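Working notes, structure below.
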Amino acid sequence: MLCISKGNPIELNMKLNKKNNSDPRERIEETEEKVTQGRLNNEMDTERDKMTDEVDIPMDEEVAAMEEAGVTMEETHPVDKLEALQQKHDELNDSYLRLHAEYDNFRKRTLKEKAELIKSGGERVLLETIALVDDFERALDSLHKTDDREALLEGMDLIYVKFVNFLKKHGVKQMEAIGQPFNGDRFEAVTTIPVSDESQKGLVVDCIQKGYEMNEKIIRYPKVIVGE
């Protein structure tokens with residue numbers, strides 16, 4: 001079927017005359033080429049329609065799939081997502097501020113309790129020491145009033161035992177020194193003296209000042225003399 005477009009009549013007649021005067025074989029080849037091109041275009045349109053049908057999902061099905069996955073249209077909106085993130089940020093920031101305030105209060109309370117414990121502990125020790133001072137005052141008073149030497153010695157021994165027990169009660173004990181091998185980490189050597197017995201070489205033969213430990217920690221090193 002010959003399709004004639006609108007235009008100048010003279011030009012149309014010239015085109016028709018030119019086409020009619022052309023070689024019949026050329027017209028046949030041109031017609032076959034157009035037919036072939038038309039078939040190719042139809043096949044491409046058909047394939048494109050199939051692909052569109054396979055990929056295209058109705059809006060209702062898309063919404064249903066999103067709701068099934070727990071995602072709503074509002075959540076996918078950038079503005080709503082930004083608002084959700086801002087709300088989450090505010091919640092986390094508020095939680096952080098609360099935790100920081102609670103920790104600061106806990107730290108202050110702990111420091112206060114520790115200071116009170118140290119203070120009260122010192123008061124308790126001093127209170128027990130005052131009782132020992134009372135014993136010494138009574139012993140001194142008796143020393144000035146009586147000539148009974150045995151009674152005075154017995155009183156002093158009782159005060160000494162009471163004081164040693166007081167130290168043990170608070171974790172303080174005397175360190176053994178005489179007869180122990182000299183150890184620079186536990187003893188403070190004042191001097192050395194020659195010894196005739198070979199077995200006493202390198203041992204502590206005398207203690208000038210006793211040492212004490214408190215809860216397995218040396219609080220005063222004993223001053224000793226070492227045999228050589």
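The values are calculated or read from the model by the stated rules, or taken from the named source; none is laboratory data. None of the values given here were measured: they were computed from a predicted structure. Glycine gets a Cβ as well: all are built from the backbone with ideal geometry, and neighbour counts include every protein chain shown.
Restricting to the range 190-201, name every residue that is more than 30 Å from residue 166 (Cβ to Cβ) and of a type outside the set (Ser, Thr, Tyr).
Initially, the range 190-201 is screened for residues more than 30 Å from residue 166 (Cβ to Cβ), giving 191-201.
Scanning the range 190-201 gives 193, 194, 195, 197, 198, 200, 201.
Within 51 Å of the chain's Cα centre (by Cα) and either among the β-branched types (Val, Ile, Thr) or not in a loop (DSSP other than H, G, I, E, B) (or both): does that describe residue 190?
Numbers: within 51 Å of the chain's Cα centre (by Cα): yes; either among the β-branched types (Val, Ile, Thr) or not in a loop (DSSP other than H, G, I, E, B) (or both): yes.
Considered against the rule, which asks whether it is within 51 Å of the chain's Cα centre (by Cα) and either among the β-branched types (Val, Ile, Thr) or not in a loop (DSSP other than H, G, I, E, B) (or both), residue 190 comes out as yes.
From the list 154, 150, which residue is closer than 27 Å to residue 171 by Cα, in a helix (DSSP H, G or I), of a type in the set (D, E, K, R) and without any contact (Cβ under 8 Å) to a residue 40 or more places away in the chain? Even if it seems obvious, please write down each step before you answer.
Numbers: 150 fails: closer than 27 Å to residue 171 by Cα.
Unique residue meeting the criteria: 154.
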For the range 124-179, enumerate the residues that are within 26 Å of residue 219 (Cα to Cα) and in contact with a Gly (Cβ under 6 Å, 6 or more places away or on another chain).
175
Residues of the range 111-147 classified as outside any helix (DSSP H, G or I) and under 54 Å from the mean Cα position of the chain (by Cα), total
0
Residue match in the range 202-213 (condition: closer than 30 Å to residue 166 by Cβ, in a strand (DSSP E or B) and under 44 Å from the mean Cα position of the chain (by Cα)):
yes
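Report the residue count in the range 55-106 for those that are part of a helix (DSSP H, G or I), among the acidic types (Asp, Glu) and at pLDDT below 70. Please lay out each step first, then the result.
Taking the range 55-106 first, the residues part of a helix (DSSP H, G or I) are 55, 59-68, 78-106.
Still in the list and also among the acidic types (Asp, Glu): 60-62, 67-68, 80, 83, 90-91, 94, 102, 104.
Next, from what is left, pick out any that are at pLDDT below 70: 60-62, 67-68.
Counting residues in the range 55-106 that are part of a helix (DSSP H, G or I), among the acidic types (Asp, Glu) and at pLDDT below 70 gives 5.
Determine whether residue 225 is of a type outside the set (Asp, Glu), in contact with an Asp or Glu (Cβ under 8 Å, 6 or more places away or on another chain) and surrounded by 14 or more Cβ atoms within 10 Å (Cβ to Cβ). Outline the logic, then answer.
Numbers: of a type outside the set (Asp, Glu): yes; in contact with an Asp or Glu (Cβ under 8 Å, 6 or more places away or on another chain): yes; surrounded by 14 or more Cβ atoms within 10 Å (Cβ to Cβ): yes.
Yes, satisfied.
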